[in-house]
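Shown next, in structure tokens, is the structure this report addresses.
The values are calculated or read from the model by the stated rules, or taken from the named source; none is laboratory data. Because the structure is predicted, anything quoted here is derived from the model rather than measured. Neighbour counts are summed over all protein chains in view; Cβ atoms, including those assigned to glycine, are modelled from backbone coordinates with ideal geometry. Protein only, heavy atoms only, side chains kept; ligands, DNA and RNA dropped before computing areas. Shrake-Rupley method; radii C 1.70, N 1.55, O 1.52, S 1.80 Å.
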Amino acid sequence: MKIALFTDSFYPGVGGTETAVMGLANSFSKHHDVVVCAPEGKGKYKDDFSFRVLRTKSFKWTSNEFLAFPFQSKKFIKDLDEFAPDILHCHTASPMASYAMYYGKKHNIPVVLTLHTKFSMCYCQNWFTKLFLQPLLSPIRKNIKKADVVTTVSWDMFPEIKHYYHFDGNVTVIKNGADFDRILAGNVPPQLAIDKFQLQNKQNVLLFVGLITKYKNLEFLIDSLKILKDTGLPFTALFVGRSLHQPYLEKHAQKIGVRDRMVFCGQITDKDLLSSIYAASDLMLFPSIFDNDPMTVVEAALRQLPSLTLENTGSSERITDNVNGFIEKNDVKAYAQRIYTLLQDKQALKQVGATAKDTIPKTWDQVAEEYLQLYRKTIDSKCKN
């Protein structure tokens, strides 16, 4: 089968969507022809993968995001024509998806659209984008209605799809996979992270991995850490990820008096160091209500590190409380108290972490097979119609 994956977010960028597209493309390329259709990045990078990347013209939108112009990219269009895909799979909603919808209709090729992100929350971070929320979401609404099949990565995404995108059609949930080889490579011991971030003799190492931004509910997390500090319990909280609102969050932490317990590690692309950070930590804290199916929670599970999430969120959907992770209500005091309680029994934490490794992750090969079954069904349906 010839598969074309469309995305507005790809290498050299780092994030959940980039990881998902990379994982699927690597798995598909073992037995199928696959191309990734993505914007041109900036700076020095090389597309050295097991699959081909077709790049379109683009404009740098933020430090990590690019606005693609596929309709104006003659070479991209020519390369896609020569590839002659059987299926188009969008991991974005606009503008690469807009071209995929156009291309699919023109050539009678089915289009699958996967929604990874709660765009309404992304666009409500300041007054300007909040003011123009409906126009910003309009292209997404149009593309969803044009797709032959719509999927998402969590049941928590359904209210967003219905309320903001006005879509009442069928939606299939397919959870993300994980790169077992990358996370478990070499089984890196904790000492690498201990030396790097001066964790010698530190008790109770807590960890957050993800974009350092307000919409990840990090003010909630920092407030809970302040309550935890007031109990007298020693701890160090590591924050790993690319900064978007770090100065604001640092200022907030300084104001309430917990900044001295926090270490901002920055974005880490060294797989050995990241693996070592998971190994050096006692508990993953992930109170995000934004994320649908956070891969950092899955990666932590692979290193037998359990996560504490919030109830009724995409982050908690894989977790059974006190079995392979922990779920707490959306209350700062309750969350802080749960951290305190969990840190009292490290042996129980390890047991839950071991169960998490056995029950939470699935490989990208498993996820790819789920999508392949969906592709075949969609192609058959398109042919009959």
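If you go through segment 229-278 and pick out every residue that is within 19 Å of Gln198 (Cα to Cα), buried (at least 18 other Cβ atoms within 10 Å of the Cβ) and touching a Lys or Arg at 6+ places or on another chain (Cβ under 7 Å), you end up with 7. Selection of first residues in segment 248-266 that are in a helix (DSSP H, G or I) and of second residues that are open to solvent by less than 100 Å² (accessible area, probe 1.4 Å) and hydroxyl-bearing (Ser, Thr, Tyr), restricted to Cβ pairs under 7 Å at least 6 apart or on distinct chains, gives the following pairs, ordered by first then second residue: Arg261/Thr236.
Across segment 358-376, the qualifying residues are those that are without any contact (Cβ under 8 Å) to a residue 60 or more places away in the chain and of a type in the set (Asp, Glu), and the one among them that is least open to solvent (accessible area, probe 1.4 Å) is Glu369. You will find that of Leu24, Leu80, Leu115, the residue that is open to solvent by less than 60 Å² (accessible area, probe 1.4 Å), touching a Leu at 6+ places or on another chain (Cβ under 7 Å) and under 26 Å from Thr172 (Cα atoms) is Leu24 and no other. Scoring Gln304 on the criteria (1) surrounded by fewer than 14 Cβ atoms within 10 Å (Cβ to Cβ); (2) at positive phi leaves a single failure, condition (1).
Can you confirm whether Asn385 is more than 16 Å from Asn176 (Cα to Cα), open to solvent by 40 Å² or more (accessible area, probe 1.4 Å) and either touching a residue at least 24 places away in the same chain (Cβ under 8 Å) or hydroxyl-bearing (Ser, Thr, Tyr) (or both)? Against the criterion (more than 16 Å from Asn176 (Cα to Cα), open to solvent by 40 Å² or more (accessible area, probe 1.4 Å) and either touching a residue at least 24 places away in the same chain (Cβ under 8 Å) or hydroxyl-bearing (Ser, Thr, Tyr) (or both)), Asn385 does not qualify.
Across segment 14-31, the number of residues qualifying as more than 22 Å from Phe119 (Cβ to Cβ) and out of contact with any helix residue (DSSP H, G or I) (no Cβ under 8 Å at 6 or more places or on another chain) comes to 3. The residues in segment 267-286 that are assigned to a helix (DSSP H, G or I) and within 17 Å of Asn204 (Cβ to Cβ) can be counted, and the count is 4.
Within segment 178-198, restricting attention to residues that are under 29 Å from Ile289 (Cβ atoms) and modelled with pLDDT of 95 or more, the residue that is least open to solvent (accessible area, probe 1.4 Å) is Ala193.
Here is a yes/no grid of residues against (1) over 30 Å from Lys384 (Cα atoms); (2) touching a residue at least 24 places away in the same chain (Cβ under 8 Å); (3) within 22 Å of the chain's Cα centre (by Cα); (4) open to solvent by less than 80 Å² (accessible area, probe 1.4 Å):
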| position | (1), (2), (3), (4) |
| --- | --- |
| Thr56 | yes, yes, no, yes |
| Ser73 | yes, no, no, yes |
| Ala84 | no, yes, no, yes |
| Ile87 | no, yes, no, yes |
| His91 | no, yes, yes, yes |
| Met96 | no, yes, yes, yes |
| Tyr103 | no, no, no, yes |
| Pro110 | no, yes, no, yes |
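For Leu343, the criteria (1) aliphatic (A, V, I, L, M); (2) closer than 23 Å to Thr231 by Cα; (3) open to solvent by 30 Å² or more (accessible area, probe 1.4 Å) hold in every case but one, which is (3).
Taking the options Ala300, Ala348, name whichever one is of a type outside the set (Asp, Glu) and more than 20 Å from Asn176 (Cβ to Cβ).
Ala348
All conditions but one from (1) in contact with a helix residue (DSSP H, G or I) (Cβ under 9 Å, 6 or more places away or on another chain); (2) at pLDDT 95 or above; (3) of a type in the set (Asp, Glu) apply to Asp321; the one that does not is (1). Test of understanding: among Glu160, Glu219, which residue is charged (D, E, K, R) and open to solvent by less than 20 Å² (accessible area, probe 1.4 Å)? Selected residue: Glu160, the only one of Glu160, Glu219 that is charged (D, E, K, R) and open to solvent by less than 20 Å² (accessible area, probe 1.4 Å).
When segment 54-111 is filtered for residues that are charged (D, E, K, R), touching a strand residue (DSSP E or B) at 6+ places or on another chain (Cβ under 8 Å) and within 30 Å of Gly241 (Cα to Cα), the ones remaining, listed by number, are Arg55, Lys57, Lys60.
Highlighted here are the helices (runs of 4 or more DSSP H) found entirely within segment 327-385 that include at least 2 residues which are farther than 27 Å from Leu218 by Cβ and modelled with pLDDT of 95 or more: 346-359, 364-384. Of everything listed in (1) buried (at least 18 other Cβ atoms within 10 Å of the Cβ); (2) free of Cβ contacts under 8 Å to residues at least 12 places away in the same chain, the single unmet condition for Ser154 is (2).
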